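The values are calculated or read from the model by the stated rules, or taken from the named source; none is laboratory data. What you see is a predicted model, and the numbers here were worked out from it, not measured in a lab. Cβ placement follows ideal geometry from the backbone for every residue including glycine, while neighbour counts extend to all protein chains displayed. Ligands, DNA and RNA are excluded from the accessible area calculation, which covers all protein heavy atoms including side chains. Shrake-Rupley method; radii C 1.70, N 1.55, O 1.52, S 1.80 Å.
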Number of protein chains: 2
Amino acid sequence: MSTSIEKPENEVQNIELLSSVQDLHGGVTVEIKEPMDSKLFASMLGTSLSHWRQQGKRGVWIKLPIEFSNLVEPAVKEGFRYHHAKSDYLMLVKWIPETSDTLPANASHRVGIGAFVMNDKGEVLVVHERNGRFKGTNVWKLPTGTVDEGEDIWTAAIREVKEETGIDTEFIEVLSFRQSHQSFFRKSDLFFVCMLRPRSFEIQKQDSEIEAAQWMRAEDYAAQPFNQKNENFKNMDGICLTKSEKDYTGFSTMSSTTSSGKRIYMYFNNRDFEPSEEH
Amino acid sequence: MSTSIEKPENEVQNIELLSSVQDLHGGVTVEIKEPMDSKLFASMLGTSLSHWRQQGKRGVWIKLPIEFSNLVEPAVKEGFRYHHAKSDYLMLVKWIPETSDTLPANASHRVGIGAFVMNDKGEVLVVHERNGRFKGTNVWKLPTGTVDEGEDIWTAAIREVKEETGIDTEFIEVLSFRQSHQSFFRKSDLFFVCMLRPRSFEIQKQDSEIEAAQWMRAEDYAAQPFNQKNENFKNMDGICLTKSEKDYTGFSTMSSTTSSGKRIYMYFNNRDFEPSEEH
């Protein structure tokens, strides 16, 4: 996995070839873990590529921690392109065969939630945000937020409501979702409207993001001029009110454990389908 | 410097400061469009940062096309971190204030679809894939694929079915979706099971990805040992069969146009809610 040299007899080979790990798709991954001179790296990379080409390798991945940013340029000069980046590393990739590549795509969507929290008096939990699109507009809106990488949608809804307003909730259903594009650096957005049931009622708002928070009569919330004029808001609100007044079935969750031991959540209409096992 | 100078006052400024565009969040964006010497860039970046700090700027973004990868190292040395990358560029960012940053997150999720296409005889469209998890397993599975950046979920389902099997379809509903984590470079996945109605019936499979494709009796599809053993598949199949045999309402689409002229799709239960405007 690293370029460190353990035994002298390996030294010649280690200088010539970058150490790499094979993947399940006929490719290899190089993860740089020690500082390297960029000229030495360029030379080893060239030699390694010839070797991998002879072996019939397909995708070659190089994971470069940000502290080794001196190695970006030599990799690009060898024909690598960027695949994705996180704060602390850059992943580069090169497809060796002549055929078109079958490399996996990078993440394409940001995921957000809006939380519809209604108490027994028919009041909805709403906020004024300090920043963003609604700053200074006086529009009362549902608490919203971003679903973190690795976080479940229903968990994110509970977390955001707690963070912004101090209210404890339990998740009921995804009432609707919408997809939009070109929202941010050409990426796409998925936004899930979640219905939650409050388990506490005293608001303790977050100072940094939230200007004000309150319980507001649902009709007054929906009657705000902005919500009436904006078609998306009008329909989103309409679904929330239908849910609270009449009969609307969204998608509730069912958890299950995969063969590899991961717990995953499926979202579906549980009025119309009864799962084979309850969790 | 001995050649004639048309506007000396601009030249001095151009050497000292990188040109930048202000954003709506109190920050600036630098987009490098011409080759630059890395030492000159480092010097200009240092001077520019002092200037932006004095001006009270917050987030500083640098968009570096891949052909200028020589400038990655000097940017990192000035305290920039990676934000995201596409094939052809790397976006770096630095938060100037002492406070914790409010920079937007990168995309966190890949989005996929599975297509449940059933004909009037109660047969489901299924495939054997050449690569991936089911390679060589003899499991008949629903056509699946990745939703591209900027692509709608319902469009992606129609496209994948057409590409893999040659069958034309129309979109009916999202029947269920599931979220999983740590699937790929620590990213999360959202997978939408879509019901489609076939509009053509003669299969013309794609050679490169698909080993075989056929119409298969729904009961035979669901009775495959793999599908019976895997809890997720069992429930997913169960929902598909409930939809085809009885009464199951998923989420259908409604399109609307935002104030900025973008068309977006909302997914919701249209048996229980009637939108304010039809499209």
Ignoring everything but the protein chains, give the 1.4 Å probe accessible area of B:Thr155 in square angstrom, nearest 10. 50 Å²
Computed on alpha carbon atoms, what radius of gyration and Dmax characterise the stretch B:3-154, expressed in Å? 24.1, 82
Work out the P(r) tail for the stretch A:40-95: percent of alpha carbon pairs separated by more than 12 Å, whole number. 64 percent
Using only alpha carbons, build the gyration tensor for the protein assembly as shown and give me the equivalent ellipsoid semi-axes, biggest first, whole Å. 43, 35, 20
For chain A, the longest stretch holding no trypsin sites (Lys or Arg not before Pro) located in a DSSP loop with at most 11 other Cβ atoms within 10 Å is which? A:1-120
Peptide A:256-267, shielding by other chains (average Cβ, 10 Å cutoff): 5
Contour minus Cα-Cα distance for A:Asp101 and A:Lys135 (0.36 nm per residue): 7.7 nm
Just to make sure I understand: if all protein chains stay in place, what is the order of B:Leu40, B:Leu125 by accessible area at 1.4 Å, largest first? B:Leu40, B:Leu125
Roughly how many Å² is the accessible area per residue of the protein assembly as shown, as a whole number, for a 1.4 Å probe? 48 Å²
In whole percent, and with a 1.4 Å probe on the protein chains, what portion of the accessible area of the protein assembly as shown is carbon and sulfur? 46 percent
Roughly speaking, what is the centre-to-centre gap between the stretch A:120-168 and the stretch A:201-278 when only Cα atoms are used, to the nearest Å? 11 Å
If labels are modelled 7 Å from Cα along the Cβ direction, A:Pro275 lies from its partners in the other copies at nm distances, smallest first, of 3.0
For the pairing of chain B with chain A, what total accessible surface becomes buried, with a 1.4 angstrom probe, in square angstrom to the nearest 100? 7500 Å²
Which residues of the stretch B:161-182 show a drop of at least 50 Å² in accessible area when all protein chains are present, compared with their chain alone (probe radius 1.4 Å, heavy atoms only, ligands and nucleic acids excluded)? B:Phe177, B:Gln179, B:His181
Taking θ = phi - 60°, what integer Hz values does the Karplus form 6.51 cos²θ - 1.76 cosθ + 1.60 yield along the stretch A:120-128, in sequence order, with x for Gly and Pro? 5, 8, x, 9, 9, 7, 10, 9, 9
Normalised by the residues of the stretch B:13-160, what does the relative contact order come to in percent, with Cα pairs under 8 Å and at least six apart? 16 percent
Partner shielding of A:24-31, as the mean number of partner chain Cβ atoms within 10 Å, equals 1
Determine the principal axes of the Cα atoms in the stretch B:109-252, then give the extent along each, sorted from largest to smallest and rounded to whole angstroms. 42, 35, 33
Taking only protein heavy atoms and a 1.4 Å probe, the highest-to-lowest accessible-area order of A:Asp168, B:Asp152 is A:Asp168, B:Asp152
Keeping all protein chains in position, work out how much accessible area B:Ile158 exposes to a 1.4 Å probe, and write it in Å² to the nearest 10. 40 Å²
Across peptide B:62-68, what mean number of C-beta atoms from other chains lies inside 10 Å of a residue's C-beta? 2
GluC sites (Glu not before Pro) within the stretch B:211-279, DSSP loop, no more than 14 other Cβ atoms inside 10 Å: B:Glu277, B:Glu278
Relative contact order [Cα under 8 Å, 6+ residues apart], the stretch A:109-252, whole percent: 31 percent
Obtain the nm distance between the two label points defined at A:Asp23 and B:Phe201 by a simple spin-label model: each point lies 7 Å from its Cα along the Cα-to-C-beta direction. 4.2 nm
If I ignore ligands, DNA and RNA and count only protein heavy atoms, how much of B:Ser19 is accessible to a 1.4 Å probe, in Å² to the nearest 10? 100 Å²
Relative contact order (percent, whole number), chain B, Cα cutoff 8 Å, 6+ residue spacing: 13 percent
Taking N as its residue count, the alpha carbon Rg of the stretch A:209-255 over 2.2 N^0.38 Å: 1.39
Under the Debye formula (equal points on every Cα, no solvent term), log10 I(q)/I(0) of chain B at q = 0.12, 0.13 Å⁻¹: -0.87, -0.93
Per the charge dipole of chain B (beta-carbon charges, Lys/Arg positive, Asp/Glu negative, Cα centre), the residue among B:Val60, B:Ser255, B:Ile167 reaching farthest to the positive end is B:Val60
Run the label-point distances for B:Ser200 please: 7 Å along Cα to Cβ, every other copy, nanometres, shortest first. 5.9
Can you work out the PRE-style zone for B:Glu34? Point 7 Å along Cα to Cβ, and I want the residues of the stretch B:61-79 with backbone N under 13 Å. none
Ordering A:Val28, A:Val21 by the accessible surface of their heavy atoms, 1.4 Å probe, largest first, yields A:Val21, A:Val28
